[in-house]
Amino acid sequence: MVDVLIIGAGPSGSMAAAHLAGKGYDVLVLEKQIFPRFSIGESLLANSLEMLDEAGMLEAVVAGSFQYKNGAAFVHNDRYSEFNFAEKFSAGSPFTFQVQRAQFDHILINEAVKRGAKVVYEVEITAIDVSGERPVVTSKKGDELTIHKPRFVLDASGFGRTLPRLLNLDRPSDFPVRAALFVHVKDNIVAGEFDRQKIRVGIHPTETHVWSWLIPFSNGNSSLGIVATREFHAKFKGTNEERLWQLIAEEPKLKQLLKNAHTVRPVGEIVGYAAKVSSLHGPGYALLGNAAEFLDPVFSSGVTIAMKSASMAAEMLDRQFKGERVDWQSEFAEPLSYGVETFRSFVTGWYDGSLQDVIFYDKQEPSIRRMVCSVLAGYVWDQKNPYTGPRSGQRLRALAQICRAN
Ligand SMILES: Cc1cc2nc3c(=O)[nH]c(=O)nc-3n(C[C@H](O)[C@H](O)[C@H](O)COP(=O)(O)OP(=O)(O)OC[C@H]3O[C@@H](n4cnc5c(N)ncnc54)[C@H](O)[C@@H]3O)c2cc1C
């Protein structure tokens with residue numbers, strides 16, 4: 001009998017599966033695609049490394065020879081500011097990795113399988129009924145439908161947003177519709193021109209809401225993407241590849257860095273990725289990672305939130321299955337949202353310009369810079385840091401005023 005059915009084998013699904021199977025539960029992961037498969041979301045935060053360690057997956061990730069990452073660098077015209085995770089306020093890992101997700105996600109799900117989880121590929125969840133004592137889930141493989149009656153369902157289906165769609169939990173995001181054009185390039189960047197151990201976030205010279213990411217991998221390739229509103233993207237015409245290079249040319253320093261680069265996979269586009277839900281849990285189910293909410297790619301928060309939600313949900317389920325009374329709202333949704341709200345404040349501050357003023361302020365108190373660095377490293381659940389939680393937005397705005405006045 002299946003204890004937990006997990007929809008999707010991305011980072012949140014694998015992490016939940018590894019924890020639960022490791023505790024002896026019968027875990028079935030049903031994944032729509034065949035692995036390895038491409039996914040966007042390649043720059044990890046330092047905090048995610050600790051979660052991988054707790055799940056017993058770190059050794060396998062280290063053996064994957066991914067690009068070491070020790071921080072983030074921000075560039076706007078002649079302004080440059082870098083944050084080294086080693087200088088962060090919170091205790092914890094000073095580094096992480098930049099990963100090709102096809103390989104990374106495959107390693108994680110294989111680790112979950114080693115702990116006893118069962119995974120079946122090319123199976124799509126198409127229906128769920130949560131009105132009875134147990135959830136009744138329908139999956140489809142080819143033309144064959146199967147009915148499952150697990151004790152609990154975790155939706156880890158990412159942008160597939162399976163349960164939000166099937167149970168009408170989808171709610172509009174607080175953020176305007178933005179789009180990303182992205183690709184992998186053989187970057188051919190001359191050694192020394194660029195710190196490959198950091199994600200580079202470049203800001204458009206005049207339109208400061210438009211930004212680029214450059215995430216180097218260990219094989220000489222980089223992930224490259226440009227984020228802007230749908231309206232800004234619409235000004236550039238042609239194929240996706242032509243539009244991408246026109247957008248790169250808008251940021252002269254990025255264009256210079258990529259002067260010898262060429263694409264190694266087709267340019268992709270995602271429009272309107274921000275999403276949220278009315279509730280993170282319900283009778284017999286909970287939502288993990290992107291299936292619940294996605295804010296914005298700018299601080300590379302997606303995989304960290306995905307993993308955090310998975311480890312929290314696994315712990316909740318373990319207690320619940322042991323007969324303990326658990327409250328999913330106060331013990332799962334609310335503590336998780338403490339960190340999500342931190343990132344929400346930072347994303348809001350990024351697009352209204354206040355956070356950019358903080359990031360580039362060169363007379364910053366070192367202690368405050370360390371607190372901002374902690375958030376950029378993913379330590380958003382550290383309640384000792386005043387720039388975390390529901391009041392982080394207010395504090396960030398006050399800090400920006402000080403930076404602007406000086
Ligand atoms: C432009 C952009 C850039 C980003 N950059 C970063 C970054 O640098 N760093 C970062 O941490 N995050 C980044 N993210 C976010 C990151 O991609 C996601 O947060 C992360 O992949 C979420 O993990 P997940 O496990 O929730 O879902 P996913 O990784 O999306 O995995 C979900 C899995 O579920 C499967 N699935 C879907 N529907 C079904 C179904 N009905 N039945 C069965 N299986 C199903 C899918 O095939 C998929 O394999 C970025 C996002 C965007 C849009």
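Each value in this text was obtained by applying a stated rule to the coordinates, not by laboratory testing. As the structure is a prediction and not an experimental result, all values here were calculated from the model. All Cβ positions, glycine included, derive from the backbone under ideal geometry; neighbour counts span all protein chains shown.
Remarks
- Condition check for Val99: closer than 18 Å to Asp26 by Cα and either surrounded by 17 or more Cβ atoms within 10 Å (Cβ to Cβ) or of a type in the set (Val, Ile, Thr) (or both): no
- Filter result for Val347 (surrounded by fewer than 24 Cβ atoms within 10 Å (Cβ to Cβ), of a type outside the set (D, E, K, R) and under 30 Å from Val2 (Cβ atoms)): no
- Within the stretch 115-127, being β-branched (Val, Ile, Thr) and within 10 Å of the ligand (Cβ to nearest atom) holds for Val120, Val123, Ile125, Thr126.
- Selection from the stretch 196-226 of residues that are assigned to a loop (DSSP other than H, G, I, E, B) and basic (Lys, Arg): Arg196
- Subset of the stretch 289-300 that is part of a loop (DSSP other than H, G, I, E, B) and more than 6 Å from the ligand (Cβ to nearest atom) - its residue that is surrounded by the fewest Cβ atoms within 10 Å (Cβ to Cβ): Val298
- Leading residue by the ranking (surrounded by the most Cβ atoms within 10 Å (Cβ to Cβ)) among those in the stretch 155-174 that are assigned to a loop (DSSP other than H, G, I, E, B) and at negative phi: Ala156
- Scanning the stretch 214-237 for residues that are touching a Gly at 6+ places or on another chain (Cβ under 8 Å) and surrounded by 18 or more Cβ atoms within 10 Å (Cβ to Cβ) yields one hit, Leu214.
- Every pair of residues 6+ apart whose Cβ atoms lie under 8 Å, when the first sits in the stretch 143-170 and is touching a residue at least 40 places away in the same chain (Cβ under 8 Å) and near the ligand (Cβ under 9 Å from one of its atoms) while the second is of a type in the set (Val, Ile, Thr) and not in a strand (DSSP E or B): Asp155/Thr162
- Selection within the stretch 314-345 - touching a residue at least 40 places away in the same chain (Cβ under 8 Å) and either of a type in the set (Phe, Trp, Tyr) or not in a helix (DSSP H, G or I) (or both): Phe321, Trp328, Phe332, Tyr338, Phe343
- Close Cβ contacts (under 6 Å, 6 or more residues apart or on different chains) running from residues in the stretch 120-136 that are under 11 Å from Leu166 (Cβ atoms) to residues that are among the polar types (S, T, N, Q) and surrounded by 13 or more Cβ atoms within 10 Å (Cβ to Cβ) comprise Ile125/Ser139; Ile125/Thr162; Thr126/Thr138; Ala127/Thr138.
- Screening the candidates Val201, Val177 for the property of being within 23 Å of the chain's Cα centre (by Cα), surrounded by fewer than 20 Cβ atoms within 10 Å (Cβ to Cβ) and within 13 Å of the ligand (Cβ to nearest atom) yields one hit, Val177.
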